[in-house]
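Laboratory data are not the source of any read-out in this text; all were calculated from the coordinates shown. These figures come from a predicted structure and were not determined experimentally. Here Cβ is always computed from backbone atoms with ideal geometry, including for glycine, and neighbour counts include all displayed protein chains.
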Amino acid sequence: MKKIISIIGAGDLGVETVDIIRGNSLYKDADLVFIDNRSPAGTNIYDIPVFHDIADIPNIEDTLIEGIVAFGSPKRRELVVGTIPEGTISFAIIRDKSAEISASATIGRGCILCNGVFVSSRASLGQHVIVNAKAVVGHDVVVGDFSTIQPAAVLLGGVQIGRGVEVGAGAIIHPRIKVGDGAKIGLGSVVIRDVPAGATVAGNPARVFIAPS
């Protein structure tokens, strides 16, 4: 059966996702398309055809269509997923060939794992999580749906990350810390205390800059 991976979002993360797919033999039999209504339909980006909607893809009879939502913003990603009718596509898991994932880890549908990522034993990533280059997800870490872990961030053992959280590049979150839904961790921050839902923290040690509303 023919297989198509539809990359929803033709921006920077979309192009990065193409590189991951093309560099991993797991996906060698799949054709690629972009779904993006911000770009002119019928054009190519990165030698990949652009369509405004999955229904616009021609000749999809007897075709397995998998999708991946390639927007870096947790809110934008969740919004886009919410617009896709249930049953239209199956969400893929996209992983770079260099990503190291423990056999006991759990990875949700729609996740993107970039180059050099390490996911340790018994860690759990929810659906539509993005783990950027060289980030470390320690043992027994739980990451909620739609969260984004930026490059070289380190989540140490037992950390619990809520839904739609943004962890900045190079941030370190100490063991067993809990980060609430929708929180933002500034780049390079060292988090040694729990972070309330909706808060923005930054610094070493991290402190609240924007309190939850």
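What the table below lists for this structure:
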quantity	calculated
Folded to 0 to 90 degrees: helix 74-83 orientation relative to the chain principal axis, Cα	40 degrees
Gain upon complete extension [ARG176, ASP47; 0.36 nm per residue less C-alpha separation]	42.0 nm
Local net charge near VAL137, Cβ-Cβ under 11 Å (Lys/Arg +1, Asp/Glu -1)	-1
FRET efficiency for ASP56 and LEU26, using Cβ-Cβ distance with R0 set to 22 Å, rounded to 0.05	0.25
Sites excluded, GluC sites (Glu not before Pro) in DSSP loops with at most 13 other C-beta within 10 Å, longest stretch of the chain	87-213
Helix-only mean residue ellipticity at 222 nm for the chain, each DSSP H run of n ≥ 4 adding -39500 (n - 2.57), per residue, nearest 500	-3000 deg cm²/dmol
Anchor LYS97: lysines whose Cα lies under 29 Å away (excluding residues fewer than 8 positions away in-chain)	LYS2, LYS3, LYS28, LYS75, LYS134, LYS184
Degrees between helix 12-22 axis and first principal axis of the chain (Cα, 0 to 90, nearest 10)	70 degrees
Gain on full stretching of the segment that runs from ARG207 to LEU79 - 0.36 nm per residue minus C-alpha separation	43.2 nm
Amide proton proximity set for GLU100, modelled H, under 5 Å, gap of 5+	VAL117, PHE118, VAL119
Relative contact order [Cα under 8 Å, 6+ residues apart], the range 1-160, whole percent	17 percent
11 Å beta-carbon shell around ILE161, net charge (K/R +1, D/E -1)	-1
Label point distance in nm, GLU86-LEU64, each placed 7 Å from Cα along Cα→Cβ	2.3 nm
Sequence-separation-based contact order of the range 72-213, relative, with Cα cut under 8 Å and 6+ spacing, percent	13 percent
Charge sum, other residues only, whose C-beta stays under 14 Å from GLY182's C-beta, Lys/Arg counted +1 and Asp/Glu -1	+2
